[in-house]
Amino acid sequence: MHQAIEPRLARLAHTLDPWLQELDETWSLAETRARIVAIRDEAEDLRTFVLAPNRHWRGHRAGQFVPVSVIVDGVRVERCYSLSSAPGARFPTITVRRVPGGRASGWLHDRATIGDVVRLGRASGAFVLGEETRQLLLVSGGSGITPCLSIARDLARRGELNNVVFVHAARSGAATPHAIREELEGLTSAGIHFTVGPLTAERIDALVPDWATRQTMLCGPLPMMDALADHWHAHGLSDRLVTERFAPPAPLNRERAGHSSESTSVKVTLTRGARSLMLAPAPTLLEALEAAGERPTYGCRQGICNTCRCRKASGLVEDLVTGRRSDAANEDIRLCTSRALSDLELDLGENR
Amino acid sequence: MKPMNQSTAMIPTKPSFATDTATRAPRRLSRDEIAAFGAELDAVRATVVADLGDRDLAHIRRMQKLARRLEATGRVLLHVGLDPVSFVGGVGALSVAKILNNMEVGHNIMHGQYDWTGEPDLAGNRFDWDNVCAAIDWRHSHNYEHHTYTNIVGKDRDVGYALLRIAPEQPWNPTHLVQPVSALWLALTFQWGVALHDLRIEETLQGTQPLRTLATRAKPFLRKAAGRVAKDYLLFPALALWNAPRVFAGNLLANVARNLWTFAVIFCGHFPEGVQTFQVPEGPETRGDWYLRQLNGSANIEGGRLFHVMTGHLSHQIEHHLFPDVPAARYPEMATHVRAICAKYGQVYNTGTFGAQLASVARKILRYALPPTAQLEAVASS
Ligand SMILES: Cc1cc2nc3c(=O)[nH]c(=O)nc-3n(C[C@H](O)[C@H](O)[C@H](O)COP(=O)(O)OP(=O)(O)OC[C@H]3O[C@@H](n4cnc5c(N)ncnc54)[C@H](O)[C@@H]3O)c2cc1C
Ligand code: FES
């Protein structure tokens, strides 16, 4: 039933949405849209956007992210942003660091104004609280503060912030989000540490002597995360550590793809457009299709958000993240994490 | 420079060449020149593609909005009005809405001209239009067949739409004697002509297409046409209650107006005198060859900005055929460069006023209604 209703709703939305949007840009029968109702500077190059979503917004769990799409130079760009607000907030927030030369973050910092409307996907992600919430250590660096902040705000709401330690590292004093720090310090009497400079294992040892007894959630720049993850690993505590990566683990994908013996081009037939392309060898199908001039929709490019999911009518592909091989007809695959092992028939229409 | 070496890949069929462009024949280019010609056009394309951005997205959004608002205005005027003035206004608004929807919006989006925006509702392979021709059929017959095999007699089925004889190398048969009338009929019912065209009914009649294939081909068309007919001739008249006949007539007139207009624009794009038809290329065509064939197989119509928009920029048929997936609103600026390149390589850039091009098409339809002179003489001498 679900399947019968979805396309019909989509068709109806296609006809009626433009009319609804003549009245209010956030109105839609099917799409989650949100108006930016406030913009706050948290620190140098770090900005919070307060969103008023339409009724399609289904909320989020603390620590989850949402695909946000904006129009940059006429092109729709979708990026994932962790929600920094507590679940259930009437106005969810995202907090965005400006990436030099970044399209989405650049647009949000330079062009977005109050009243602008952005499109949202559905919140998802596994960087969420487990059963054990009291003996918690939240460690963040830079914009990685966002999911940790959401978790801290959620715990404060539930009166469970007192046994939690929150460590945040900014690259400089100017990059330290002072208002957030004050807010957190106002919520709990101890355990809030805002530091400047790279967060090393020694720093953690000094700030949180009992770190090894705690369940730790970590999000920050990749070098910092790698260094700390090694530390946990060295102590045999990897299972006590949960991490969230903002940037694609590109080297990982590439390395794995590089090991493959298959390096010849494959033929891909796009069933919707009734066209065939030869794809040169590339780490992923998404990159190969892009190199061939196609523009499949994508979001995270790392196998999280499912935006790039499309229907494979036939052929063999391997998922580089899960290692799973799909050889059956009519299976859904993710373009951004899949590699073609044979000629394929794809329906990119499903992916748009 | 290498010795002049005529392209083998694209030979204009001689009779059309001789009769139509006797006065202004394009210069024959060497292989090297054809390659250089192609490279210059590629550069024009690259410059515009690199510059695509906010204003192109804004343009297509504005056109969609205009078409939507005109459609609403037209329908309201037809539904609630009682007087002839609001009837004429309603028909006018609805006609313009349908023309914009089919040409500047639908035709162009379905070419994938806005795929680069990543906007799901502008995706060329998903878009559908207010026309009885099913989008899926159109993408195949137009985007693929017509744009790939432009004006190759026997491969591009748009040459005369399998109904009219507009090139001497199309075999004559007695039905062509009445083609001035068939052309007029095709003009009035153009959307049906285009839609039925994809079903290849003539092939089934000739016994080359099994009935079963025809039935499969007919499915998307029947579904689409049923929906369109129901909307314009049942649903909206029914909603208008006592005004039903008025709404029925208004919708019919708007569809006819759109048919006449699109017919006129499209026939001026490929069938005026001077436009060449081609034989099936021997061997592979290079990009330069393809460009040259597109140029020689198309003709432009001169006009102002509003006129260009109303033709969906098919008034720049030449640029459209050279760059089918570049947003059409960019054709006027590209035309300046294309003309200069044509002049540099001694190529004919076929353009004229709407009246002149239409008259030229009409002359051709009349001329080729008659059998070739050889056949005529044979008949006369017997
Ligand atoms: C699950 C998840 C959650 C995220 N949450 C947040 C969040 O809460 N706040 C936030 O600010 N960002 C977050 N991000 C990152 C965000 O999605 C974008 O990657 C980031 O904003 C850059 O996008 P852009 O379009 O501005 O840059 P692009 O135009 O895509 O990239 C421009 C250049 O910057 C490089 N680059 C891209 N991303 C990064 C990065 N993260 N660090 C350094 N260089 C980069 C690119 O390689 C490229 O060279 C999250 C990402 C993921 C996957
Ligand atoms: S883009 Fe996220 S799964 Fe591919």
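Summary of computed values
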{"quantity": "Residue list for the range B:54-94, filter: among the polar types (S, T, N, Q) and exposed (fewer than 14 other Cβ atoms within 10 Å of the Cβ)", "calculated": "none"}
{"quantity": "Members of the range A:61-76 that are away from ligand 1 (no atom under 12 Å from the Cβ) and assigned to a loop (DSSP other than H, G, I, E, B)", "calculated": "A:ARG61, A:ALA62, A:GLY74"}
{"quantity": "Residue check, A:SER85 more than 14 Å from chain B (Cβ to nearest Cβ), closer than 23 Å to A:ARG295 by Cα and not hydrophobic (A, V, I, L, M, F, W, C)", "calculated": "no"}
{"quantity": "Residue within the range B:59-68 that is assigned to a helix (DSSP H, G or I), in contact with a helix residue (DSSP H, G or I) (Cβ under 8 Å, 6 or more places away or on another chain) and free of Cβ contacts under 8 Å to residues at least 24 places away in the same chain present", "calculated": "yes"}
{"quantity": "Within the range A:96-149, tally of residues that are out of contact with any Pro (no Cβ under 9 Å at 6 or more places or on another chain), within 16 Å of ligand 2 (Cβ to nearest atom) and part of a loop (DSSP other than H, G, I, E, B)", "calculated": "1"}
{"quantity": "Residue in the range B:261-275 that is touching a strand residue (DSSP E or B) at 6+ places or on another chain (Cβ under 6 Å), open to solvent by less than 10 Å² (accessible area, probe 1.4 Å) and in a helix (DSSP H, G or I) present", "calculated": "yes"}
{"quantity": "Counted residues, the range A:53-76 - those being open to solvent by less than 30 Å² (accessible area, probe 1.4 Å) and within 16 Å of ligand 2 (Cβ to nearest atom)", "calculated": "6"}
{"quantity": "Residue that is nearest to A:ARG275 (Cα to Cα) [pool: residues in the range B:103-117 that are open to solvent by 10 Å² or more (accessible area, probe 1.4 Å) and within 11 Å of another protein chain (Cβ to nearest Cβ)]", "calculated": "B:GLY112"}
{"quantity": "Some residue of the range B:175-190 being within 14 Å of chain A (Cβ to nearest Cβ) and not hydroxyl-bearing (Ser, Thr, Tyr)", "calculated": "no"}
{"quantity": "Matching residues, the range A:82-95, being among the small types (Gly, Ala, Ser) and more than 16 Å from ligand 2 (Cβ to nearest atom)", "calculated": "A:SER84, A:SER85, A:ALA86, A:GLY88, A:ALA89"}
{"quantity": "Residue ID - farthest from ligand 1 (Cβ to nearest atom), chosen from residues in the range A:133-182 that are touching an Asp or Glu at 6+ places or on another chain (Cβ under 6 Å) and over 20 Å from A:SER85 (Cβ atoms)", "calculated": "A:ALA174"}
{"quantity": "Residue check for B:LEU52: in contact (Cβ under 8 Å) with a residue 40 or more places away in the chain, within 11 Å of another protein chain (Cβ to nearest Cβ) and among the aliphatic types (A, V, I, L, M)", "calculated": "yes"}
{"quantity": "Given (1) β-branched (Val, Ile, Thr); (2) within 8 Å of ligand 1 (Cβ to nearest atom); (3) in contact (Cβ under 8 Å) with a residue 12 or more places away in the chain, index of the condition A:VAL99 fails", "calculated": "(3)"}
{"quantity": "Any chance B:GLU145 is more than 13 Å from the chain's Cα centre (by Cα) and open to solvent by 10 Å² or more (accessible area, probe 1.4 Å)", "calculated": "no"}
{"quantity": "Tally, over the range A:127-141, of residues that are touching a residue at least 24 places away in the same chain (Cβ under 8 Å) and open to solvent by 30 Å² or more (accessible area, probe 1.4 Å)", "calculated": "4"}
{"quantity": "Among (1) farther than 18 Å from A:TRP19 by Cβ; (2) within 14 Å of another protein chain (Cβ to nearest Cβ); (3) in a loop (DSSP other than H, G, I, E, B) - the single one B:TRP138 does not satisfy", "calculated": "(3)"}
{"quantity": "Number of positions in the range B:132-142 that are acidic (Asp, Glu) and within 13 Å of the chain's Cα centre (by Cα)", "calculated": "0"}
{"quantity": "Which numbered condition B:TRP172 fails, given (1) part of a loop (DSSP other than H, G, I, E, B); (2) open to solvent by less than 20 Å² (accessible area, probe 1.4 Å); (3) over 23 Å from A:ARG272 (Cα atoms)", "calculated": "(2)"}
{"quantity": "Residue in the range B:72-82 that is within 13 Å of chain A (Cβ to nearest Cβ), under 24 Å from B:TYR331 (Cβ atoms) and part of a helix (DSSP H, G or I) present", "calculated": "no"}
{"quantity": "Close pairs from the range B:350-375: first open to solvent by 10 Å² or more (accessible area, probe 1.4 Å), partner basic (Lys, Arg), Cβ under 6 Å, at least 6 apart", "calculated": "B:TYR368/B:ARG165"}
{"quantity": "In the range B:295-332, residue modelled with the highest pLDDT [restricted to those that are farther than 16 Å from B:GLU104 by Cβ and open to solvent by 10 Å² or more (accessible area, probe 1.4 Å)]", "calculated": "B:GLU302"}
{"quantity": "Of all residues making up the range A:313-339, the number that are at pLDDT 80 or above, within 14 Å of ligand 2 (Cβ to nearest atom) and either outside the structural domain of A:VAL268 (by TED's automatic domain parsing) or assigned to a strand (DSSP E or B) (or both)", "calculated": "6"}
{"quantity": "Given (1) more than 6 Å from ligand 1 (Cβ to nearest atom); (2) open to solvent by 50 Å² or more (accessible area, probe 1.4 Å); (3) within 14 Å of chain B (Cβ to nearest Cβ), number of the condition A:ARG79 does not satisfy", "calculated": "(1)"}
{"quantity": "The listed residue being within 14 Å of chain B (Cβ to nearest Cβ) and either at pLDDT 95 or above or over 30 Å from B:GLN113 (Cα atoms) (or both), out of A:ASP73, A:ASP45, A:ASP110, A:ASP41", "calculated": "A:ASP110"}
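Okay, residues lined up against (1) under 27 Å from B:ALA123 (Cβ atoms); (2) at pLDDT 70 or above; (3) more than 10 Å from ligand 2 (Cβ to nearest atom):
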site: A:SER261; (1), (2), (3): no, no, yes
site: A:THR284; (1), (2), (3): yes, yes, no
site: A:GLU287; (1), (2), (3): yes, yes, yes
site: A:ASN306; (1), (2), (3): yes, no, no
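One line per residue, one yes/no per condition, for (1) over 16 Å from A:ARG122 (Cβ atoms); (2) open to solvent by less than 20 Å² (accessible area, probe 1.4 Å); (3) away from ligand 1 (no atom under 12 Å from the Cβ):
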| residue | (1), (2), (3) |
| --- | --- |
| A:LEU9 | no, no, yes |
| A:ALA30 | no, no, yes |
| A:ASP45 | yes, no, no |
| A:THR48 | yes, yes, no |
| A:LEU51 | no, yes, yes |
| A:LEU83 | no, yes, no |
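The values are calculated or read from the model by the stated rules, or taken from the named source; none is laboratory data. Computed from a predicted model, the values in this text were never measured in an experiment. Because the Cβ atoms are built from the backbone with ideal geometry, glycine has one as well, and the counts that use them run over all protein chains shown. Side chains included, ligands, DNA and RNA excluded: accessible areas come from the protein's heavy atoms. Shrake-Rupley method; radii C 1.70, N 1.55, O 1.52, S 1.80 Å.
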